[in-house]
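The values are calculated or read from the model by the stated rules, or taken from the named source; none is laboratory data. All figures in this text were calculated on a predicted structure; none of them were measured in a lab. For neighbour counting, all protein chains shown are included, and Cβ atoms are generated from backbone atoms with ideal geometry for every residue, glycine included.
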Amino acid sequence: MPFYLAVLAAVAVASGFGALIGILIGGRSPQRVAVGDAGADVIADAPRKPRAGLIDVVPKGYIGVLERQLILAGRPAGWSVDKILIAKPLLVVVGGALAAWWISGDPGTLRIGLGIFLIALCFFVPDLLIYSRAQERQAKLQLELPDTLDQMTISVEAGLGFEAAMAKAGSNGKGPLAEELIRTLQDMSIGRTRKDAYEALGDRTSSVDLRRFTRSVIQADLYGIAIADVLRVQAGEMRLKRRQRAEEKAMKVPIKVLFPLVFCILPVLFIVLMTPAVIGIAKVFIH
């Protein structure tokens, strides 16, 4: 491969990664707003509108999908729709430089196809990262829900109000669910109604159980049902569903193990067991 192509590819890769790192960590950190009722902080997740130039090029539906994934991911520091849209072409440049460097060594159909695949993969890397972050956060939120509801149930039965129990669970807990509870208290502290705050909590998550819980709380507040009874019933249902999900995953393990067992472990086992016999038979026929 010509030396100048290698130099150009190295410069393009270094420039692309340097610009990408600058985009992801160079922005301002999200503002932290104190919540007096909870005695804790929460990251404000007010949506940021993309630049006008990007809106003209990118479909609004795609921007909405990115915005939704950022909300589900908890708006991680350094990530925004603007930065994702800027990072995608930079990653394409990096992937294109690497693909050109690799293809130039031995141009062929296979290498060209893999180079195109690498460029496409680089384009979708930010989408995959933010989607993975959102799924991981929602899974943690789902897992923490039963224990948090148990804590709130104990607090309410001990005489605390519902918001005070929520503040206690949020301030003592660590994780995405505690952050969402604190954010809900923050919404109510700045003047939003309880119904709107709980509906916003349900909109910020993809957890079916948490959405069901928020609807139950809204209905209990609307019809005057004792919140302790609602919490007790919801906590019992959440624990039962968590156990059922664990059993379902355990039942799927044999199916998932079948593929590596058949295609990876058994062939090696057959080779180890049959090789001495095959060698012995070959020696008999040769002599």
**Message:** I'd like to check something: does the range 178-186 contain any residue that is free of Cβ contacts under 8 Å to residues at least 24 places away in the same chain and surrounded by fewer than 19 Cβ atoms within 10 Å (Cβ to Cβ)?
**Reply:** no
**Message:** Against the condition assigned by TED's automatic domain parsing to the domain that holds Leu145 and without any contact (Cβ under 8 Å) to a residue 12 or more places away in the chain, how does Ala235 come out, does it pass?
**Reply:** no
**Asked** Condition test on Lys140, is it at pLDDT below 90 and either in the same structural domain as Met238 (by TED's automatic domain parsing) or not hydrophobic (A, V, I, L, M, F, W, C) (or both)?
**Response** no
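Within the bounds of the range 205-217, is there any residue that is without any contact (Cβ under 8 Å) to a residue 12 or more places away in the chain and in the same structural domain as Ala158 (by TED's automatic domain parsing)?
Scanning the range 205-217, I find at least one residue that is without any contact (Cβ under 8 Å) to a residue 12 or more places away in the chain and in the same structural domain as Ala158 (by TED's automatic domain parsing), so the answer is yes.
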**Complete:** Okay, helices (runs of 4 or more DSSP H) sitting entirely in the range 156-209 with 1 or more residues that are in contact with a Leu (Cβ under 7 Å, 6 or more places away or on another chain) and aliphatic (A, V, I, L, M), I get 162-172, 176-189
**Message:** If Asp106 meets every condition in (1) out of contact with any Phe, Trp or Tyr (no Cβ under 9 Å at 6 or more places or on another chain); (2) surrounded by 17 or more Cβ atoms within 10 Å (Cβ to Cβ) apart from one, which number is that one?
**Reply:** (2)
**Prompt:** Among the residues of the range 46-92 satisfying the criterion of being assigned to a loop (DSSP other than H, G, I, E, B) and under 16 Å from the mean Cα position of the chain (by Cα), which is modelled with the lowest pLDDT?
**Reply:** Gly78
**Message:** Criterion first (under 43 Å from the mean Cα position of the chain (by Cα) and either loosely packed, with under 10 Cβ neighbours inside 10 Å or in the same structural domain as Asp209 (by TED's automatic domain parsing) (or both)) does Val253 satisfy it?
**Reply:** yes
**Complete:** By residue number, the members of the range 66-98 that are under 20 Å from Leu141 (Cβ atoms), out of contact with any Pro (no Cβ under 7 Å at 6 or more places or on another chain) and surrounded by fewer than 20 Cβ atoms within 10 Å (Cβ to Cβ) are Arg68, Ile71, Pro76
